[in-house]
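I have placed the structure first, in the form of structure tokens, so that the comments after it can refer back to it.
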Amino acid sequence: MCGIVGAVAQRDVAEILVEGLRRLEYRGYDSAGVAIINNADINRVRRLGKVKELSDALALEPLNGGTGIAHTRWATHGEPSEINAHPHISGSDIAIVHNGIIENHQQLKEQLIAKGYEFSSATDTEVMAHLVAEEFKQTNDLLSAVQNAVKQFDGAYGAVFMHREMPEQLIVARSGSPLVIGKGIGEMFVASDQLALLPVTRQFLYLEEGEVAQVTRTELQIYSRDGNKVDRDFEESSIQHDVGDKGPYRHYMLKEIYEQPDAIANTLEGRIKDGSINSDIFGEKAKDIFATLEAIQIVACGTSYHAGMVAKYWCEEIANIPCHVEIASEYRYRKSFVPKNALFITISQSGETADTLAALRLAKESGFMSSLSICNVPGSSLVRESDLAFMTRAGAEIGVASTKAFTTQLASLLMLIVAIAKHKGLAEAEIKKYVSALEALPGEINRALEQNPLIEELAEDFSEKHHSLFLGRGDQYPIAMEGALKLKEISYIHAEAYAAGELKHGPLALIDHEMPIVVVAPQNELLEKLKSNMEEVRARGGQLYVFADSSSNFVNDDGIKVVNVNSEHEVTAPIVYTLPLQLLSYHVAVIKGTDVDQPRNLAKSVTVE
């Protein structure tokens, strides 16, 4: 969600900080600010709204100096406003930017008020600034002050501190919210995402949980939660994506929809050989784990949760292994049963989703045999803390509404399940069938994208609607859920998804001529049942928008509009049918004039509960 950028350099860093914020705009935010030390003074500019507002202000009021911090805020404590925007300052001495939530901020605030501190904002971050200032009085050392202060924080934080009289250093602290340090030539940088720093460095190092670090132009010293020094090397980033380039596309989301054939080809590259999938691609220990596992637990949030739901169908049909799927924020707050020899699977685009990461940590204490992460970001917390990890290779995804991250997750999960099934005795012919389906995916997705003009035309029908219903059966039910999620998050139309067989159990009461009904209807054994459900809708005046295989013999008629989506392989049909639903939501949002890439109230990476 929020974005952090910091720098310690010999040159002026204002442009570097603002460019870093621009590269983090995809995360979602409501205000932006920057603070820079110059001649032992902290100079600060904050603005409500987009980074452009901040950039325009800095053009009129330039800030000079080689040490600074910057932030894009997504409101948690206190409404979106300039006074609540980061950076926050204690007195005139200490400035801070912070991602996360300090749960005991009110208690700490009352203690600080009793000591004479005054608060100008409603944020928990200002509490952190004042507490570090109080600790600094005792130590006269910023590093020690931060180390003492963080011991008093309950909650999540990724924070960067600077002191006006110590312009040669930044102090960074991480607990639950990611921070990465970048190494330049005679300069150092800090950010919440390495994408922010790609113009200035390719050398990165991630802070681990509970660590505090002192960052100067030429040195980095990391300390563990216990205060012990930690040695860790910088690594070269292989990310090639330039987040400033949409190419010929109007929005990042559309660009990323059209990148899916290549993204899935990248997911598959080098991982399929001679018509089979080797378990080694999931890690050195994968072979032994797959041979003995007897159950799977999948935990994820949002779109990744929908990917997990599809995987449940595949897992139980292909590998004949029980699979449970749960939303991370629910799983972590209930007492759960751990099956014997169970594999705990987390799915996350960013690898920093707070609830999913907390669920993994809980699982590691609960007796699961092993853990595996399906993720798009190497070096992320989920990847580092899981026993096994599999990179989706989707590339940087900038649009808040996930597209290629979702379909590459599905492709990755199908490979995983086939690899597990191989160890459970799946016949060689069946393995080759599933591998062939995976290899055919890029071409099938390209053909699905050819329906874009028709889908754009159908989107006009949704422009004045306020509600929509999505229907699917079997492994297409989670795809209906994903389609509904996409429509609601970027067009702000209320959309719900139901297993079509549930129509009689309540949703049928909502259907009238004002309610568009979107149906995913591939050619499979559930099609005839689905057709019966559709007739129930037509009988009540509902307008059907059916995405169906041409062999299903649907025709345009009163109350039904058809888009042909052909998938030769039933097992990968959920992936193929995702594409037209993404296009539908995109075009509806464009017609309604919403901010497609940065929908209101949403953030790309949810790093707080």
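Okay, here's what the table says:
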{"read-out": "Within the range 440-461, considering residues that are out of contact with any helix residue (DSSP H, G or I) (no Cβ under 7 Å at 6 or more places or on another chain), over 23 Å from Ile493 (Cα atoms) and in contact (Cβ under 8 Å) with a residue 40 or more places away in the chain, the one surrounded by the fewest Cβ atoms within 10 Å (Cβ to Cβ)", "value": "Gly443"}
{"read-out": "Neighbours by Cβ (under 9 Å, 6+ apart or cross-chain): first from the range 372-393, without any contact (Cβ under 8 Å) to a residue 24 or more places away in the chain; second surrounded by 24 or more Cβ atoms within 10 Å (Cβ to Cβ) and assigned to a strand (DSSP E or B)", "value": "Met391/Ile374; Met391/Cys375"}
{"read-out": "Filter result (surrounded by fewer than 24 Cβ atoms within 10 Å (Cβ to Cβ), over 14 Å from Tyr223 (Cβ atoms) and under 27 Å from the mean Cα position of the chain (by Cα)) within the range 159-178", "value": "Gly176"}
{"read-out": "Exclusive hit being outside any helix (DSSP H, G or I) and free of Cβ contacts under 8 Å to residues at least 12 places away in the same chain, set Glu514, Glu535, Glu502, Glu464", "value": "Glu464"}
{"read-out": "Candidate set: the range 140-166, residues that are in contact with a Gly (Cβ under 8 Å, 6 or more places away or on another chain) and at pLDDT 95 or above; chosen: the one farthest from Asp41 (Cα to Cα)", "value": "Gln147"}
{"read-out": "Residue within the range 226-243 that is modelled with pLDDT of 90 or more and farther than 30 Å from Val180 by Cβ present", "value": "no"}
{"read-out": "Residues (small (Gly, Ala, Ser) and surrounded by fewer than 24 Cβ atoms within 10 Å (Cβ to Cβ)) located in the range 96-114", "value": "Ala114"}
{"read-out": "In the range 386-443, residue farthest from Leu24 (Cα to Cα) [restricted to those that are in a loop (DSSP other than H, G, I, E, B) and acidic (Asp, Glu)]", "value": "Asp387"}
{"read-out": "Top-ranked residue of the range 465-494 - restricted to ones that are under 17 Å from the mean Cα position of the chain (by Cα) and of a type in the set (A, V, I, L, M), ranked as surrounded by the most Cβ atoms within 10 Å (Cβ to Cβ)", "value": "Ile490"}
{"read-out": "Boolean, Arg47 is charged (D, E, K, R) and crowded, with 22+ Cβ neighbours inside 10 Å", "value": "no"}
{"read-out": "Exclusive hit being crowded, with 22+ Cβ neighbours inside 10 Å and either outside any helix (DSSP H, G or I) or in contact (Cβ under 8 Å) with a residue 24 or more places away in the chain (or both), set Glu326, Glu284, Glu256", "value": "Glu256"}
{"read-out": "Filter result (modelled with pLDDT under 95, small (Gly, Ala, Ser) and within 24 Å of Tyr206 (Cα to Cα)) within the range 349-385", "value": "Ser350, Gly351, Ala354, Ala358, Ala359, Ala363, Gly379, Ser380, Ser381"}
{"read-out": "Inter-residue pairs, beta-carbon under 6 Å, first under 22 Å from Phe153 (Cα atoms) and in a loop (DSSP other than H, G, I, E, B) and in the range 177-202, second at pLDDT below 90 and of a type in the set (Ser, Thr, Tyr), 6+ apart", "value": "Ser177/Thr607"}
{"read-out": "Members of the range 187-210 found to be at pLDDT 95 or above and of a type in the set (D, E, K, R), listed by number", "value": "Glu187"}
{"read-out": "Count of residues meeting criterion [outside any helix (DSSP H, G or I) and buried (at least 21 other Cβ atoms within 10 Å of the Cβ)] in the range 564-602", "value": "5"}
{"read-out": "Any helices (runs of 4 or more DSSP H) falling wholly within the range 71-167 and containing at least 2 residues that are closer than 22 Å to Leu48 by Cβ and not aromatic (Phe, Trp, Tyr)", "value": "124-139"}
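Yes/no per residue for (1) among the aliphatic types (A, V, I, L, M); (2) assigned to a helix (DSSP H, G or I); (3) in contact (Cβ under 8 Å) with a residue 40 or more places away in the chain; (4) under 30 Å from Ala401 (Cα atoms):
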| site | (1), (2), (3), (4) |
| --- | --- |
| Ile4 | yes, no, yes, yes |
| Arg11 | no, no, yes, no |
| Glu15 | no, yes, no, yes |
| Val34 | yes, no, yes, yes |
| Ile42 | yes, no, yes, no |
| Arg46 | no, no, yes, yes |
| Leu63 | yes, no, yes, no |
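The values are calculated or read from the model by the stated rules, or taken from the named source; none is laboratory data. Since this is a predicted model, take the numbers as computed values, not measurements. When we count neighbours, we look across all protein chains shown, and the Cβ atoms used for this are built from the backbone with ideal geometry, even at glycine.
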